Amino acid sequence: MTNAANSTHARIRRSNLAVPGSSPKMLDKAKGLAADQVFMDLEDSVAPLAKAEARKNIVAALNEGGYDGKVRAVRVNDWTTQWTYADVIEVVSGAGANLDCIMLPKVQNADQIHALDMLLTQIEKTEGLDVGRIGIEAQIENAMGLTNVDQIAAASPRVETIIFGPADFMASINMKSLVVGEQPPGYDVGDAYHYILMRILMAARAYDKQAIDGPYLQIKDVDGYRRVADRSAALGFDGKWVLHPDQIAAANEVFSPRQEDYDHAELILDAYDWHTSAAGGARGAVMLGDEMIDEASRKMALVIAGKGRAAGMQRTQAFTPPDAG
Ligand code: GLV
Ligand code: MG
């Protein structure tokens, strides 16, 4: 089983910008922002009466282009509403060639992924698009979804990400708090979200998907955003939603390795390569400075180096084989 950080198909998604499909102005502004992914919303940020118009805005924005270098996703409404099928048909028939993923909210089981997969396949065939190119991003936002997260992750090769939706999730489990991302008052013995985050992360890693953290709603509090993002990044998440341009730089920084960690990871890879080679003595456990490194160190270093390379980082230290002085 590979790790998502090393997967050749993994797209970089440190910052995932939410843009309401009802706002042509915001759809346009997103083109110039430094987010890794833009997702155009048809769900909760769009009022029911504005959804039909939002579909048209999104198709127009995607076909106009300008989102170069960004992952382009559209969040449709969930399968319990009356809108999902028309969202998917209108957006994919209208702009399928200019779209990378459909984000499906409030996923509860693998059948909901299968249904979207089959609908996408039919539209791709009808429109002459590459069958299977459009990915699926699955939001886990309720107790049923979390209970079935392994099957959801495994339901289709189209699934690229498993996303935590904290606001809906908090409502789903009756959490006694209204502040997304912060700890519920009264819970003073740890992180109330730890189990949920780890459960999602395990499913994502087991099935080679990316794990994405959801929104932080206090958009003026960038320090608060950074604090919450730091936690999921530390666990191994690949990125987080951003709701405001000010959160983008923080996400891109938090979900990239620190320069010193990136340099160290590249150094471990080079040193391990050299020491395990015939020229380096074909040894499996060796010293790098004061640190002993072995095959497990190489795997950890690959994750950090993979994230750094994907983020376009440059190393600032070269490896010199000991014999070469
Ligand atoms: C996002 O969709 C959330 O519910 O937090
Ligand atoms: Mg939600």
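The values are calculated or read from the model by the stated rules, or taken from the named source; none is laboratory data. Just so it is clear, the model here is predicted, and its values are computed rather than measured. Don't worry about glycine lacking a Cβ; one is built from the backbone with ideal geometry, like all the others, and counts go over all protein chains shown.
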With respect to I152, determine if the residue is aliphatic (A, V, I, L, M), within 16 Å of ligand 1 (Cβ to nearest atom) and under 26 Å from L99 (Cα atoms).
yes
Among residues of the stretch 129-167 being of a type in the set (D, E, K, R) and surrounded by fewer than 21 Cβ atoms within 10 Å (Cβ to Cβ), the residue farthest from ligand 2 (Cβ to nearest atom) is D130
Note on the stretch 74-92: residues within 15 Å of A50 (Cβ to Cβ) and among the acidic types (D, E) are D87, E90
Just to be sure, is R158 under 19 Å from the mean Cα position of the chain (by Cα), farther than 23 Å from R205 by Cβ and charged (D, E, K, R)?
no
Qualifying helices (runs of 4 or more DSSP H) (wholly inside the stretch 130-206; at least 3 residues being polar (S, T, N, Q), in contact with a helix residue (DSSP H, G or I) (Cβ under 9 Å, 6 or more places away or on another chain) and closer than 14 Å to L104 by Cβ)
none
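Do we find a residue being within 13 Å of ligand 1 (Cβ to nearest atom), at pLDDT 95 or above, of a type outside the set (G, A, S) and under 22 Å from K240 (Cβ atoms) anywhere in the stretch 113-136?
No, that holds for no residue.
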A careful count of residues in the stretch 102-128 that are away from ligand 2 (no atom under 16 Å from the Cβ) and among the polar types (S, T, N, Q) gives 4
Scan the stretch 207-234 for residues that are in a loop (DSSP other than H, G, I, E, B), surrounded by fewer than 21 Cβ atoms within 10 Å (Cβ to Cβ) and either touching a Ser or Thr at 6+ places or on another chain (Cβ under 9 Å) or without any contact (Cβ under 8 Å) to a residue 40 or more places away in the chain (or both) and jot them down.
D208, Q218, I219, K220, D221
Inspect all residues belonging to the stretch 17-30 and state whether any of them is at pLDDT 95 or above and closer than 21 Å to A115 by Cα.
no
Looking at V179, is it aliphatic (A, V, I, L, M), under 23 Å from V19 (Cα atoms) and within 16 Å of ligand 2 (Cβ to nearest atom)?
yes
When every residue in the stretch 220-250 that is within 16 Å of ligand 2 (Cβ to nearest atom) and in contact with a Leu (Cβ under 9 Å, 6 or more places away or on another chain) is compared, the one nearest to V149 (Cα to Cα) is W241
Only one of (1) surrounded by fewer than 22 Cβ atoms within 10 Å (Cβ to Cβ); (2) under 20 Å from D44 (Cβ atoms); (3) among the hydroxyl-bearing types (S, T, Y); (4) away from ligand 1 (no atom under 12 Å from the Cβ) is not met by S172, so which one is it?
(4)
Here's a check for you: in the stretch 99-128, which residue that is of a type in the set (G, A, S) and part of a helix (DSSP H, G or I) is farthest from A155 (Cα to Cα)?
A115
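One line per residue, one yes/no per condition, for (1) among the acidic types (D, E); (2) touching a strand residue (DSSP E or B) at 6+ places or on another chain (Cβ under 6 Å):
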position: A206; (1), (2): no, no
position: Q210; (1), (2): no, yes
position: D221; (1), (2): yes, no
position: G224; (1), (2): no, no
position: F237; (1), (2): no, yes
Would you mind finding the one in P105, P24, P48 that is buried (at least 22 other Cβ atoms within 10 Å of the Cβ) and either over 30 Å from G312 (Cβ atoms) or of a type in the set (A, V, I, L, M) (or both)?
P105
Residue pairs, Cβ under 8 Å, 6 or more apart or interchain, first in the stretch 129-151 and closer than 16 Å to D168 by Cα, second buried (at least 18 other Cβ atoms within 10 Å of the Cβ) and among the polar types (S, T, N, Q). List them.
A138/T161; N142/Q108; M144/Q108; G145/Q108; G145/Q139
